[in-house]
1. For the range 169-181, what are the residues that are farther than 16 Å from PRO17 by Cα and surrounded by fewer than 24 Cβ atoms within 10 Å (Cβ to Cβ)?
2. Mind telling me which of the residues LEU167, LEU127, LEU88 ends up being modelled with pLDDT of 95 or more, part of a helix (DSSP H, G or I) and either farther than 22 Å from PHE45 by Cβ or in contact with a Phe, Trp or Tyr (Cβ under 8 Å, 6 or more places away or on another chain) (or both)?
3. Could you count how many residues in the range 91-119 are in contact (Cβ under 8 Å) with a residue 60 or more places away in the chain and either in a loop (DSSP other than H, G, I, E, B) or touching a helix residue (DSSP H, G or I) at 6+ places or on another chain (Cβ under 6 Å) (or both)?
4. If you scan the range 182-202, which residues turn out to be of a type in the set (Phe, Trp, Tyr) and buried (at least 23 other Cβ atoms within 10 Å of the Cβ)?
5. Considering only the range 101-124, how many residues are at pLDDT below 90 and either over 16 Å from PHE205 (Cα atoms) or polar (S, T, N, Q) (or both)?
6. For a quick check of your reading of the model, give me the residue pairs whose first member lies in the range 9-24 and is in a helix (DSSP H, G or I), whose second is among the charged types (D, E, K, R), with beta-carbon atoms closer than 7 Å and at least 6 apart or on different chains.
7. So ASP68 clears everything in (1) over 30 Å from PHE169 (Cβ atoms); (2) touching a strand residue (DSSP E or B) at 6+ places or on another chain (Cβ under 6 Å); (3) acidic (Asp, Glu) except one condition, right? Which one?
8. Of the conditions (1) out of contact with any helix residue (DSSP H, G or I) (no Cβ under 8 Å at 6 or more places or on another chain); (2) within 26 Å of GLY13 (Cβ to Cβ); (3) in a helix (DSSP H, G or I), VAL47 clears all except one; give me its number.
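The values are calculated or read from the model by the stated rules, or taken from the named source; none is laboratory data. The shown structure was predicted, so the numbers you read here are calculated from the model rather than taken from an experiment. Neighbour counts run over all protein chains shown; Cβ positions are idealised from the backbone, glycine included.
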Amino acid sequence: MTGSSVYPVRVEGDLSPGLSRWLWLVKWFLLIPHVIVLVFLWLAFVVLTVLAFFAILFTGRYPRGIFDFNVGVLRWTWRVVFYSYNALATDRYPPFTLAVVDDYPARLTIDYPDHQRKGFALIGWWLLGIPQYLIAGIMAGGTGWTGTNVGWSGLIGLLVLVAALLLLFRGAYPQSIFDLVVGLNRWVIRVGAYAALMTPDYPPFRLDTGSHEPTLTLRNALPAV
């Protein structure tokens, strides 16, 4: 079944003007409070995702309270990632909240799936997801994408390092690099949400670069179970 729609995981970010040449050198220190909080948030995320797995397996539904919390963790993480070493695209300090902050330059939303096929948790999450997990791992690096990584790893990290050096020596973050960095992060986040069973729609094998989400053609990857 296909249809023209926006993919249910929407990741957007706007490159801030007038970025500091040197602030990124100390962001690792400024981010310590966020890193501490995110460690506990991601521990809770993992535990709650396991509970959601069994809920989907037996009821076909992702508990709404768990879903809203987990979306909040991803949203918080994306803001920290955007500020820090997976994008370095803003100098505005991320807010300490799971809620939507419309005026922050990094935004993330996920549509709640009213119903999921009960077998999805066993089939789609593991078997069909393997190719996407491998690709996302190359993009994000072996340490994964949790907002707690303050170093550079993977393809994203390499591109951001180039952008950081250009910012330091030339005072400019090239728009072309930014668009690619956002596109790669978007791919990783889509895969992460799929892995966490937050959407049954298989992530598209396409790199959607730029600040805003494109309109995609969705295809249900799994047969009814």
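1. The first filter runs over the range 169-181 and keeps only residues farther than 16 Å from PRO17 by Cα, leaving 169, 180-181.
If the condition is that a residue be farther than 16 Å from PRO17 by Cα and surrounded by fewer than 24 Cβ atoms within 10 Å (Cβ to Cβ), then PHE169, LEU180 are the ones that fit.
2. LEU167
3. Residues flagged as in contact (Cβ under 8 Å) with a residue 60 or more places away in the chain and either in a loop (DSSP other than H, G, I, E, B) or touching a helix residue (DSSP H, G or I) at 6+ places or on another chain (Cβ under 6 Å) (or both) within the range 91-119 amount to 15.
4. First, pick out the residues of the range 182-202 that are of a type in the set (Phe, Trp, Tyr): 187, 194, 202.
Matches in the range 182-202: TRP187, TYR194.
5. Step one: filter the range 101-124 for residues at pLDDT below 90, giving 114-124.
Right, trim to either over 16 Å from PHE205 (Cα atoms) or polar (S, T, N, Q) (or both) and you get 114-123.
Qualifying residue count for the region: 10.
6. These pairs meet every condition: LEU23/ASP91.
7. (2)
8. (2)
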